[in-house]
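Engineer: Input: one structure, supplied below.
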Amino acid sequence: MTTRPPTRVHVREERGVFVVVASGDFDADERDLLLSAWDEADDRNLPVTVLDLSGVTFGDSSFLDSLLLARRRHYAANRRLVLAGPLHRLVVLLLTVTGTLPHFETAASLTDALRDHTPT
């Protein structure tokens, strides 16, 4: 029997960017972790949110729904949402098969996202 890595979501502000670092496997049981992060992103109202997905090893349809909700909320508030990788192959598969990958801004890494998307 394999043990699932712990699922975590940490948030912080860095250089005027709201950073959400997610790790582990995401399914319906972990949905509230991301929803809380989106609520905090809305409260802080920074121009850019970077979601570091480099530690996410699996995401199901509820994970995808959480990402799409974040995209809608950011777009409606005229804020940017950037997904930072490298993305696990299962996350890429989820976003590719559903046709949603082109609808997200992406960066190769959190470092790249912060370098390229820090407000001036």
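The values are calculated or read from the model by the stated rules, or taken from the named source; none is laboratory data. Keep in mind it's a predicted model, so treat the numbers as computed, not measured. With ideal geometry, Cβ positions are generated from the backbone for all residues, glycine too; neighbour counts draw on all protein chains shown. With ligands, DNA and RNA removed, areas are computed over all heavy atoms of the protein, side chains included. Shrake-Rupley method; radii C 1.70, N 1.55, O 1.52, S 1.80 Å.
Engineer: Could you look through the range 1-39, keep only residues that are among the basic types (K, R) and in a loop (DSSP other than H, G, I, E, B), and pick out the one that is nearest to H88 (Cα to Cα)? Before you say what the answer is, go through the steps one by one.
Structural biologist: Residues of the range 1-39 that are among the basic types (K, R), as a first pass: 4, 8, 12, 15, 31.
The next check asks that each one be in a loop (DSSP other than H, G, I, E, B); those that pass are 4, 15.
Details: R4: 15, R15: 26 Å.
Looking at the filtered set, the residue picked out is R4.
Engineer: Taking only the range 30-65 into account, find how many residues are within 26 Å of R115 (Cβ to Cβ) and among the small types (G, A, S).
Structural biologist: 5
Engineer: Which members of the range 40-82 meet the condition of being closer than 15 Å to V17 by Cβ, touching a Phe, Trp or Tyr at 6+ places or on another chain (Cβ under 7 Å) and either open to solvent by 60 Å² or more (accessible area, probe 1.4 Å) or in a helix (DSSP H, G or I) (or both)?
Structural biologist: Result: A41, R44, A70.
Engineer: Please give the number of the condition L101 fails out of (1) on the phi < 0 side of the Ramachandran plot; (2) in contact (Cβ under 8 Å) with a residue 12 or more places away in the chain; (3) in contact with a Leu (Cβ under 7 Å, 6 or more places away or on another chain).
Structural biologist: (2)
Engineer: Among the residues of the range 88-116, count how many are open to solvent by 50 Å² or more (accessible area, probe 1.4 Å), touching a strand residue (DSSP E or B) at 6+ places or on another chain (Cβ under 7 Å) and either assigned to a helix (DSSP H, G or I) or under 23 Å from R72 (Cβ atoms) (or both).
Structural biologist: Total meeting the criteria: 4.
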